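> Structure incoming, see below.
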Amino acid sequence: MEGFREANMKEINAVDFEKEVLSGDKVVLDFYSTECPPCEALAPKFEAMAELYGEKIKFLKIFRQGNRELATELGVSSSPTLLFFDNGQQILDTISGGIKKSEIVDRLDKMLTAEEVKAIKANQKTTISEYDIAILGGGPAGLTAGIYLGQAKIKTVLIDPALPGGYMGITHQVSNYPGFEQPQPGFMLAHYMSEQAKHTGIDFKVAVDITSVDLSKKEIVIDELETIRAKKIIIATGTTPNTMNAPGEKDYKGKGISYCATCDAKYFVNKEVTVIGGGNSAVEEALFITKFASKVTMIHQFAKLTANQTAIEHLQANDKITVMYEHEPRNFEKRGNTMITTIEDLKTKELKELESDGVFVFIGFKANVSVLGDTLPEMDNWGYIKTNADMQTNLPNVYAVGDIISKKYRQITTAVADGTIAAMTISKEL
Ligand SMILES: Cc1cc2nc3c(=O)[nH]c(=O)nc-3n(C[C@H](O)[C@H](O)[C@H](O)COP(=O)(O)OP(=O)(O)OC[C@H]3O[C@@H](n4cnc5c(N)ncnc54)[C@H](O)[C@@H]3O)c2cc1C
């Protein structure tokens with residue numbers, strides 16, 4: 001990567017560390033890598049922050065692969081990672097991965113006095129950008145729409161509060177996406193799809209805060225200051241896992257209760273795990289968890305699993321998994337490091353305590369519509385957006401694609417198909 005020329009930002013090497021970072025100034029140091037999508041997502045935000053805060057805080061970048069020893073010494077193990085220093089000391093907590101602008105602002109403000117922060121905020125400028133199409137959501141549905149629109153040379157922006165990929169990015173193995181002889185790691189499919197979309201020339205605004213969405217005005221505000229106006233909007237915001245709303249669930253979310261096996265199963269090597277659910281996701285994820293855990297107990301409310309037959313056969317052949325049918329969780333608590341799940345036998349109403357090292361919950365999903373502002377498209381009884389065969393909603397110039405729409409099957413292939421149809425319809429209309 002070329003050296004940085006911006007007045008308020010400078011690239012350094014390990015040899016400059018003492019002089020540039022430990023000399024007493026207030027410093028934010030960005031360890032970046034090449035071929036690093038979250039680093040690319042961070043770069044424009046870091047630049048904008050440098051312009052705004054640059055007189056008070058020094059903005060430095062350092063190439064991690066070229067300065068490995070220093071990175072290791074500072075405990076930096078992924079890119080990008082931001083470190084903060086004042087008076088030669090490291091301060092605040094580090095941030096890494098898909099870093100949002102608000103997370104940086106939060107820390108920079110803490111490094112300054114209230115007056116300094118006020119003066120800086122007074123200098124902040126709002127921006128407005130105009131696009132033909134704004135795609136909300138960068139899962140397979142949104143990315144595919146982006147690929148087709150980009151190739152049709154239609155001015156498009158793809159917006160996502162996370163990094164692109166959606167669920168695909170956190171699925172350990174995808175074996176049913178056509179074109180690959182062997183199962184593919186989901187994050188690789190996500191990577192290929194988002195790189196393909198980027199190469200078509202569409203703009204990516206990812207790892208941003210969605211401040212507001214107005215589907216009637218076709219206006220989206222991100223990071224509070226940036227307004228995006230579009231002629232048409234494609235909603236591709238997907239779904240969120242259902243929670244059980246059992247006492248203790250919220251308290252132990254991320255501290256013993258997880259909703260993502262790909263993210264967390266690796267922490268359960270030779271441990272015992274409880275899985276709640278009995279559909280496809282629950283069975284497939286339970287099977288994946290057995291690669292790490294010594295024992296998996298599934299809790300399922302019905303007398304039969306609702307997963308497909310192949311998944312059920314794999315489960316039956318796996319002696320690490322047992323299923324407790326017709327049971328439901330009623331309470332979660334932690335004693336020491338042990339998670340205690342109180343379950344009810346639905347036939348006898350008897351309550352039992354089940355001990356494990358961790359709990360995974362896979363009990364279905366709800367559509368992410370609450371983030372779409374006050375004017376919502378027509379929805380079905382389950383809260384999924386209704387569309388016609390061309391992916392148009394009942395709101396003029398608003399389309400919806402992927403898992404968020406009312407349909408029978410929610411897969412990567414069906415999401416990709418929806419994205420294709422919306423983009424091709426739009427290409428003909430514009
Ligand atoms: C654990 C698991 C395993 C799976 N395994 C398979 C499999 O093996 N094969 C298969 O075909 N399918 C699989 N699926 C289903 C498949 O992943 C989904 O059908 C598919 O990802 C749906 O794509 P999507 O683009 O509609 O939504 P998503 O993939 O959910 O992407 C939605 C995107 O929208 C973003 N978003 C959310 N809110 C906003 C907002 N306000 N503004 C902008 N963006 C927003 C999210 O950050 C996300 O990136 C699996 C699903 C799960 C949960």
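The values are calculated or read from the model by the stated rules, or taken from the named source; none is laboratory data. Since we're looking at a predicted model, the values are computed, not measured. Reconstructed Cβ throughout: ideal geometry from the backbone, glycine too, with neighbour counts over all protein chains shown.
> Suppose we filter 284, 344, 272 for residues that are closer than 22 Å to residue 409 by Cα and not assigned by TED's automatic domain parsing to the domain that holds residue 409; which single one remains?
The unique qualifying residue is 284.
This table checks each residue for (1) surrounded by fewer than 21 Cβ atoms within 10 Å (Cβ to Cβ); (2) modelled with pLDDT under 95; (3) polar (S, T, N, Q); (4) not assigned by TED's automatic domain parsing to the domain that holds residue 195.
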position	(1), (2), (3), (4)
27	no, no, no, yes
45	yes, yes, no, yes
90	yes, no, yes, yes
97	yes, yes, no, yes
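> Does residue 177 meet the test of being more than 18 Å from residue 37 (Cα to Cα), among the aromatic types (Phe, Trp, Tyr) and outside any helix (DSSP H, G or I)?
Here the answer is yes, as residue 177 does meet what is asked.
> Inspect all residues belonging to segment 140-158 and state whether any of them is crowded, with 24+ Cβ neighbours inside 10 Å, near the ligand (Cβ under 8 Å from one of its atoms) and assigned to a strand (DSSP E or B).
Within segment 140-158, not a single residue is crowded, with 24+ Cβ neighbours inside 10 Å, near the ligand (Cβ under 8 Å from one of its atoms) and assigned to a strand (DSSP E or B).
> Take the residues in segment 240-259 that are within 16 Å of the chain's Cα centre (by Cα) and crowded, with 17+ Cβ neighbours inside 10 Å, then tell me which one is nearest to residue 428 (Cα to Cα).
Filtering segment 240-259 for residues that are within 16 Å of the chain's Cα centre (by Cα) and crowded, with 17+ Cβ neighbours inside 10 Å, the one nearest to residue 428 (Cα to Cα) comes out as 259.
> Shifting gears a bit: Return the residues of segment 61-114 that are assigned to a strand (DSSP E or B), touching a residue at least 40 places away in the same chain (Cβ under 8 Å) and among the charged types (D, E, K, R); say none if nothing qualifies.
Answer for segment 61-114, where residues must be assigned to a strand (DSSP E or B), touching a residue at least 40 places away in the same chain (Cβ under 8 Å) and among the charged types (D, E, K, R): 61, 86.
> Among the residues of segment 175-190, write down those that are crowded, with 18+ Cβ neighbours inside 10 Å and either touching a residue at least 60 places away in the same chain (Cβ under 8 Å) or away from the ligand (no atom under 12 Å from the Cβ) (or both).
Answer for segment 175-190, where residues must be crowded, with 18+ Cβ neighbours inside 10 Å and either touching a residue at least 60 places away in the same chain (Cβ under 8 Å) or away from the ligand (no atom under 12 Å from the Cβ) (or both): 177, 186, 189.
> Of everything in segment 362-400 that's in a strand (DSSP E or B) and at pLDDT below 95, which residue is farthest from the ligand (Cβ to nearest atom)?
The selected residue is 366.
> Got a sec? Which of 409, 399, 384 is closer than 26 Å to residue 175 by Cα and of a type in the set (Phe, Trp, Tyr)?
409 is the lone residue from the list that is closer than 26 Å to residue 175 by Cα and of a type in the set (Phe, Trp, Tyr).
> Tell me, yes or no, whether segment 252-265 has at least one residue that is more than 8 Å from the ligand (Cβ to nearest atom), more than 29 Å from residue 407 (Cα to Cα) and among the hydrophobic types (A, V, I, L, M, F, W, C).
Yes, that holds for at least one residue.
> Is there any pair linking a residue in segment 244-270 that is more than 18 Å from residue 282 (Cα to Cα) and in contact (Cβ under 8 Å) with a residue 40 or more places away in the chain to one that is within 16 Å of the ligand (Cβ to nearest atom) and β-branched (Val, Ile, Thr), with Cβ under 9 Å and at least six apart or on different chains, and which?
Filtered contacts from segment 244-270: 248/257; 251/257; 252/359.
> State whether the residues of segment 249-256 include one that is over 23 Å from residue 138 (Cα atoms) and in contact with a Gly (Cβ under 9 Å, 6 or more places away or on another chain).
yes
> Would you confirm, using the coordinates I've provided, whether residue 277 is small (Gly, Ala, Ser), within 16 Å of the ligand (Cβ to nearest atom) and either modelled with pLDDT of 95 or more or over 29 Å from the mean Cα position of the chain (by Cα) (or both)?
For residue 277, the condition - small (Gly, Ala, Ser), within 16 Å of the ligand (Cβ to nearest atom) and either modelled with pLDDT of 95 or more or over 29 Å from the mean Cα position of the chain (by Cα) (or both) - is met.
> Within segment 119-139, how many residues turn out to be within 13 Å of the ligand (Cβ to nearest atom) and either among the hydroxyl-bearing types (Ser, Thr, Tyr) or part of a strand (DSSP E or B) (or both)?
Residues that pass the stated criteria total 3.
> Consider residue 50 carefully, then state whether it is under 17 Å from residue 34 (Cβ atoms), in contact (Cβ under 8 Å) with a residue 12 or more places away in the chain, not in a strand (DSSP E or B) and not polar (S, T, N, Q).
No, not satisfied.
> I would also like to ask the following. Take the residues in segment 214-239 that are hydroxyl-bearing (Ser, Thr, Tyr) and under 19 Å from residue 419 (Cα atoms); name whichever of them is surrounded by the most Cβ atoms within 10 Å (Cβ to Cβ).
Filtering first and then ranking leaves 237.
> Give the residues of segment 204-217 that are within 19 Å of residue 398 (Cα to Cα) and of a type in the set (D, E, K, R), sorted by residue number.
Once the filter is applied, which keeps residues that are within 19 Å of residue 398 (Cα to Cα) and of a type in the set (D, E, K, R), segment 204-217 yields 214, 217.
> Then there is this: Between 274, 262, which is hydroxyl-bearing (Ser, Thr, Tyr) and closer than 21 Å to residue 245 by Cα?
Among 274, 262, only 274 is hydroxyl-bearing (Ser, Thr, Tyr) and closer than 21 Å to residue 245 by Cα.
> Now for a separate question. Among the residues of segment 266-284, count how many are surrounded by fewer than 24 Cβ atoms within 10 Å (Cβ to Cβ), assigned to a helix (DSSP H, G or I) and of a type outside the set (Lys, Arg).
Result for segment 266-284: 5.
> Further, regarding this structure: How about segment 200-251: which of its residues are near the ligand (Cβ under 10 Å from one of its atoms), at pLDDT 95 or above and not in a strand (DSSP E or B)?
236, 237, 238
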